[in-house]
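A quick write-up on the structure given underneath.
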Amino acid sequence: MNLIKNKRGDKIISVYWFAILIIVAGGVFGMVYIFYGTPYDIREIEANVLGNQIADCVSYAGKINTALISNGRTSPKIGESFLKMCHLNFKSDEWQDEQYYLEVKIYSLGDLNNSILNITAGDNKWLSSCALQTNRQIEKLAKCIKKSFYSIDNSNNQYIIKILTVVRKAEKNVKI
Amino acid sequence: MLRYKKIEKEAQIGETVSWIIATLIIIGILIIFILVSSLLSNSKIVRVGNVETDLKKTNLLTEKTSFAHQLTNYKNKDIIENVLKKND
């Protein structure tokens, strides 16, 4: 009689061990899934790299690109060919919509309220993300980076250049 | 005989309670680890300040600005620096 009781106890214990094994395995799976299921968000770096590329294109060694401003005169048609001039291509097979937006504003030092040259490229619908993130970063929205620097043209006229770069690509950088 | 049965029952209860506590500890530890992995996954945002890149080592825009200052013999330097600070 006692032997039958002991056998039943052993069965219960082995079922318990299986249950614990499943719980632990499930826990390990959960941990790995949570950690490796979240992608690395590199959009901030990407927006910085894009900003630097644009800055290099707009001004080199302290002087503004003569294709943009020469002797104080701005080039009127630069907007269309800016991307080509800066060796940038925003179109990708991976995305239906363009995932980037850029804005370059050049101000004369005498008038910092009105830009003398305004260049935009990419999809401007991502621009609204920047306004929403002035106080707090929201991961699922596009990343915006603002940069500004000083440069002169070939006639030594002084300019302040402001660059805004926006990178969306939320699906590849954030767990949605 | 009765006393022996009572002792056996108490032993069984003691063993069951220790198994239940062991189970709760295992589940508790698992929950802690899952929470830690969740916190670690939230820190997978690569920022310029956190990574040793060329972006951090040299500030390209500061270089450009100082080149321009040298070319104009630092004309209006204070005004320009103030404007750039405001923009940052």
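The values are calculated or read from the model by the stated rules, or taken from the named source; none is laboratory data. Small disclaimer: the values here were computed from a predicted structure and weren't measured. Glycine gets a Cβ as well: all are built from the backbone with ideal geometry, and neighbour counts include every protein chain shown. In case anyone asks, the SASA skips ligands and DNA or RNA and just uses the protein heavy atoms, side chains included. Shrake-Rupley method; radii C 1.70, N 1.55, O 1.52, S 1.80 Å.
Rundown of residues vs (1) open to solvent by less than 50 Å² (accessible area, probe 1.4 Å); (2) farther than 30 Å from residue B:38 by Cα; (3) assigned by TED's automatic domain parsing to the domain that holds residue A:62, yes/no style:
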site: A:123; (1), (2), (3): yes, yes, yes
site: A:146; (1), (2), (3): no, yes, yes
site: A:149; (1), (2), (3): yes, yes, yes
site: A:166; (1), (2), (3): yes, no, yes
Exercise. Among strands (runs of 3 or more DSSP E) lying entirely in region A:106-176, which contain 1 or more residues that are of a type in the set (Asp, Glu)?
Worked result: A:111-122
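Here is a yes/no grid of residues against (1) charged (D, E, K, R); (2) modelled with pLDDT under 90; (3) surrounded by fewer than 16 Cβ atoms within 10 Å (Cβ to Cβ):
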site: A:7; (1), (2), (3): yes, yes, yes
site: A:10; (1), (2), (3): yes, yes, yes
site: A:14; (1), (2), (3): no, yes, yes
site: A:19; (1), (2), (3): no, no, yes
site: A:24; (1), (2), (3): no, no, yes
site: A:28; (1), (2), (3): no, no, yes
site: A:34; (1), (2), (3): no, no, no
site: A:39; (1), (2), (3): no, no, yes
For this session: Scan (1) surrounded by 19 or more Cβ atoms within 10 Å (Cβ to Cβ); (2) without any contact (Cβ under 8 Å) to a residue 24 or more places away in the chain for the single condition residue A:59 breaks and write down its number.
Result: (2)
Seminar exercise, completed: If you go through A:136, A:73, the only one that is farther than 14 Å from residue A:167 by Cα, among the basic types (Lys, Arg), over 23 Å from the mean Cα position of the chain (by Cα) and open to solvent by 100 Å² or more (accessible area, probe 1.4 Å) is A:73
Exercise. Taking region A:80-109, which residues are surrounded by fewer than 11 Cβ atoms within 10 Å (Cβ to Cβ) and farther than 28 Å from residue A:173 by Cα?
Worked result: A:80
Seminar exercise, completed: So the helices (runs of 4 or more DSSP H) completely within region A:1-100 holding 1 or more residues that are under 30 Å from residue B:19 (Cβ atoms) and not assigned by TED's automatic domain parsing to the domain that holds residue A:164 are A:2-37
For this session: Return yes when residue A:101 is within 10 Å of chain B (Cβ to nearest Cβ) and of a type in the set (Phe, Trp, Tyr) and no when it is not.
Result: no
For this session: For residue A:45, indicate whether it is within 13 Å of another protein chain (Cβ to nearest Cβ) and either open to solvent by less than 60 Å² (accessible area, probe 1.4 Å) or not basic (Lys, Arg) (or both).
Result: yes
